[in-house]
């Protein structure tokens, strides 16, 4: 039993050392005047003005228009507060909200 534990501990230590020894990838260097090459995550952040692309201002008219364009919001929750918030949002005519209080049963159905 002790031998198995020692082997498992050694494998764990070796795995952690190997994981720590990987070199991070360097960002691509672009020439001046060339368009910046973005990863899909960076493109999403830029399009949504988040992370390093955050402008500090929020255009709520654009946020509401985007919410309306997405359609109905389905909220799975187990709290009466969520139901009240969904009713409040729907009453303000932002976007239709559908509320499902039985989220646990739906998430575990086969």
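Each value in this text was obtained by applying a stated rule to the coordinates, not by laboratory testing. These numbers come from a predicted model, not from an experiment. Glycine also receives a Cβ, built like all others from the backbone with ideal geometry; neighbour counts cover every protein chain displayed.
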Label-point separation, residue 39 to residue 12 (7 Å along Cα→Cβ), nm: 2.9
Applying 1/(1 + (r/R0)^6) with R0 = 30 Å to the Cβ-Cβ distance of residue 54 and residue 87, what FRET efficiency is obtained, to the nearest 0.05? 0.45
Could you order peptides 37-47, 51-61 by the average number of other Cβ atoms within 10 Å of their residues, highest first? 37-47, 51-61
